[in-house]
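Here is the structure we will look at, set down as structure tokens.
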Amino acid sequence: MKVLLCGGGNAIHVLTAYAGSLPDCEVCILSLFPGEADRLRSSLGEKGVKCVNDLGPDVYGMPTMVSDDPAKVAVGADVVILAIPSFTHEMYLRALKDYLKPGVTLGAMPGEGGFDLCARHILGDEVVTHQVNLFALETLPWACRIVDYGKSVEVLGTKKEIDVVITPRQGRSVEDVLELLQKIVGRLPKLVPACNFLAVTLMNINSVWHPTISYSFYKSHDYTKPFDAPPLFYQGADEYTGEKLAKVSDEVLQVKKVLLEKYPSLDLSSLHHVKEWMLRSYGDDIGDKSSIYTMLVTNKGYRGLTHPMKEVKTEEGKTKYVPNFNYRYFTEDIPCGLVVTRGIAELAGVPTPHMDDVIMWCQQVMGKEFLVDGKLCGKDLGITRSPQVYGCKDLDTFMKANHYVEG
Ligand code: NAD
């Protein structure tokens, strides 16, 4: 089996070790980031990439080729995995388009929102429907960090169970594809099939968590002045944060309700409130399960994580910290996350005042414009994966063009 890994960061290091350790697996890497393929190739350890992990002994895997040229690495790939920030998915899909073989299993870890919309747009509806087993994981299976570039990576925590959405090409079963993906990621997390891409897009936890927690925190902290230390992200949450998260999640569930009323045969059973997601994902790692706020501050998995910050030096030479609004909590979780959900809400006619508060603040600190006067019509909408970008101007077109309902 030939596995093509796309990217070159933390997740690709883990996947190189895991997939490369399988006896029947040949791993190649495609990196389109300028200079990265050469750098990675020349940095590889003697036994490839070592993955130190929380589940057992270290795992080693060596890629057979690392390149920036899809013609060299993509031809004949049985599995293609994009484990890269979601704003680069489109670039990779465009580069891969002419080299994918029929029957390829292709997807993203994680998918974020609207991965299927992007894939259909770039590869074409016919190809996605008849030739590709398209998949997306709701989140990355691991919290992981490169220790020594090209040589070793550490999995700080492996999730227990995560959703994966799979739309196999005609004639292939979800179970076959699931088994293949489980083999690559390892024993854990257990991959659980989600009902469809729409449910995974709307369940995108990062798109609710990261922007809403950031918004809530900075609402009561002056971020124009540098901080002495990076503030805690989850443990720094307060009751307001918990309530705002609940309200944003309520709005998503209102979209679910409207969609189910209009399309009674639609399955959105894997779309839950963020509170349920938290309990299922972290279980007994949570000390106090009484509210979203208490769950955020007592979740072992969230301990010590800080708001993304950049270091700055004061005139006296002291190190201080300012917010990094160019981090994935914004650059991915807004255009490929909350804005996608907001776009679906707009088509469904569901008012989203709480989501709008969060998007309006985020777009302002990002220097972007997506939402204007309550409509997704800002000048930067084109960088998002909202349905409106792909020409879906009404709910029925959106639901049918993307095969969420028959039509
Ligand atoms: P990363 O930041 O290590 O990935 C960086 C890689 O992405 C680069 O090496 C490059 O290959 C590619 N890239 C970034 N910007 C690019 C650009 N402008 N053009 C071309 N390529 C570019 O990411 P990661 O930590 O490996 O995470 C992969 C995905 O998983 C991301 O979506 C991330 O949000 C998500 N995620 C990661 C973690 C984690 O613990 N690492 C946890 C949860 C989710």
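The values are calculated or read from the model by the stated rules, or taken from the named source; none is laboratory data. All values reported here derive from a predicted model rather than from experimental measurement. Reconstructed Cβ throughout: ideal geometry from the backbone, glycine too, with neighbour counts over all protein chains shown. With ligands, DNA and RNA removed, areas are computed over all heavy atoms of the protein, side chains included. Shrake-Rupley method; radii C 1.70, N 1.55, O 1.52, S 1.80 Å.
Of (1) within 20 Å of the chain's Cα centre (by Cα); (2) open to solvent by less than 50 Å² (accessible area, probe 1.4 Å), Arg280 satisfies all except one. Which?
If we test Arg280 against (1) within 20 Å of the chain's Cα centre (by Cα); (2) open to solvent by less than 50 Å² (accessible area, probe 1.4 Å), just (2) comes out false.
Kindly check whether there is at least one residue in region 205-217 that is in a helix (DSSP H, G or I), at pLDDT below 95 and over 23 Å from His13 (Cβ atoms).
Within region 205-217, one or more residues are in a helix (DSSP H, G or I), at pLDDT below 95 and over 23 Å from His13 (Cβ atoms).
Give me a count of the residues in region 369-407 that are among the charged types (D, E, K, R) and either within 20 Å of the chain's Cα centre (by Cα) or part of a helix (DSSP H, G or I) (or both).
Going through region 369-407 one residue at a time, the tally reaches 3.
Being surrounded by fewer than 16 Cβ atoms within 10 Å (Cβ to Cβ) and either within 16 Å of the ligand (Cβ to nearest atom) or within 20 Å of the chain's Cα centre (by Cα) (or both) is the filter here, so list the residues in region 16-35 that pass it.
Selection gives Phe33, Pro34, Gly35.
Scan region 1-15 residue by residue and report those that are within 15 Å of the ligand (Cβ to nearest atom) and either in a loop (DSSP other than H, G, I, E, B) or open to solvent by less than 40 Å² (accessible area, probe 1.4 Å) (or both).
Leu4, Leu5, Cys6, Gly7, Gly8, Gly9, Ala11, Ile12, His13, Val14, Leu15, listed by residue number.
Say whether the condition of being basic (Lys, Arg), away from the ligand (no atom under 16 Å from the Cβ) and within 26 Å of Val127 (Cα to Cα) is met by at least one residue in region 78-98.
Among the residues of region 78-98, at least one is basic (Lys, Arg), away from the ligand (no atom under 16 Å from the Cβ) and within 26 Å of Val127 (Cα to Cα), which makes the answer yes.
If the requirement is being surrounded by fewer than 16 Cβ atoms within 10 Å (Cβ to Cβ) and at pLDDT 95 or above, which of these qualifies: Gln182, Gln170?
Just one listed residue meets the conditions, Gln182.
Considering region 198-216 alone, what residues qualify as being among the aromatic types (Phe, Trp, Tyr) and either in contact with a Phe, Trp or Tyr (Cβ under 7 Å, 6 or more places away or on another chain) or under 30 Å from Val59 (Cα atoms) (or both)?
Tyr215
Which numbered condition trips up Lys72, out of (1) more than 15 Å from the ligand (Cβ to nearest atom); (2) open to solvent by 30 Å² or more (accessible area, probe 1.4 Å); (3) under 24 Å from Ile146 (Cα atoms); (4) touching a strand residue (DSSP E or B) at 6+ places or on another chain (Cβ under 7 Å)?
(3)
Any chance region 103-110 includes a residue that's within 15 Å of the ligand (Cβ to nearest atom), modelled with pLDDT under 95 and crowded, with 19+ Cβ neighbours inside 10 Å?
yes
Has region 116-130 got at least one residue that is open to solvent by less than 10 Å² (accessible area, probe 1.4 Å), within 13 Å of the ligand (Cβ to nearest atom) and under 23 Å from Val252 (Cβ atoms)?
no
Which of the residues spanning region 283-301 are part of a helix (DSSP H, G or I) and open to solvent by less than 60 Å² (accessible area, probe 1.4 Å)?
Scanning region 283-301 gives Gly283, Asp285, Ile292, Thr294, Met295, Leu296, Val297, Thr298, Gly301.
Please identify the pairs in which a residue from region 75-91 that is closer than 19 Å to Tyr329 by Cα and open to solvent by less than 10 Å² (accessible area, probe 1.4 Å) has its Cβ atom under 9 Å from the Cβ atom of a residue that is more than 11 Å from the ligand (Cβ to nearest atom) and basic (Lys, Arg), counting only partners at least 6 apart or on another chain.
Ser86/Arg385; His89/Arg385
Lys244 versus (1) more than 16 Å from the ligand (Cβ to nearest atom); (2) outside any helix (DSSP H, G or I); (3) within 23 Å of Thr331 (Cβ to Cβ): which is the lone unmet condition?
Every condition holds for Lys244 apart from (2).
Kindly provide the set of residues from region 302-319 that are of a type outside the set (Asp, Glu) and open to solvent by 40 Å² or more (accessible area, probe 1.4 Å), ordered by number.
Answer for region 302-319, where residues must be of a type outside the set (Asp, Glu) and open to solvent by 40 Å² or more (accessible area, probe 1.4 Å): Arg303, Gly304, Leu305, Thr306, Lys310, Val312, Lys313, Gly317, Lys318, Thr319.
Quick check on region 36-47: of everything there that is assigned to a loop (DSSP other than H, G, I, E, B) and either open to solvent by less than 40 Å² (accessible area, probe 1.4 Å) or out of contact with any Phe, Trp or Tyr (no Cβ under 9 Å at 6 or more places or on another chain) (or both), which residue is farthest from Val75 (Cα to Cα)?
Looking at residues that are assigned to a loop (DSSP other than H, G, I, E, B) and either open to solvent by less than 40 Å² (accessible area, probe 1.4 Å) or out of contact with any Phe, Trp or Tyr (no Cβ under 9 Å at 6 or more places or on another chain) (or both), I get Glu46.
Residue check: is Phe325 within 19 Å of Gln364 (Cα to Cα), of a type in the set (A, V, I, L, M, F, W, C) and assigned to a helix (DSSP H, G or I)?
Taking the combined requirement at face value, the residue does not satisfy it.
When you look at Ala143, is it within 16 Å of the ligand (Cβ to nearest atom), at pLDDT 95 or above and surrounded by 15 or more Cβ atoms within 10 Å (Cβ to Cβ), yes or no?
No: the conditions fail for Ala143.
Going through region 296-339 one residue at a time, which ones are within 23 Å of the chain's Cα centre (by Cα) and among the charged types (D, E, K, R)?
Lys300, Arg303, Lys310, Arg328, Glu332, Asp333
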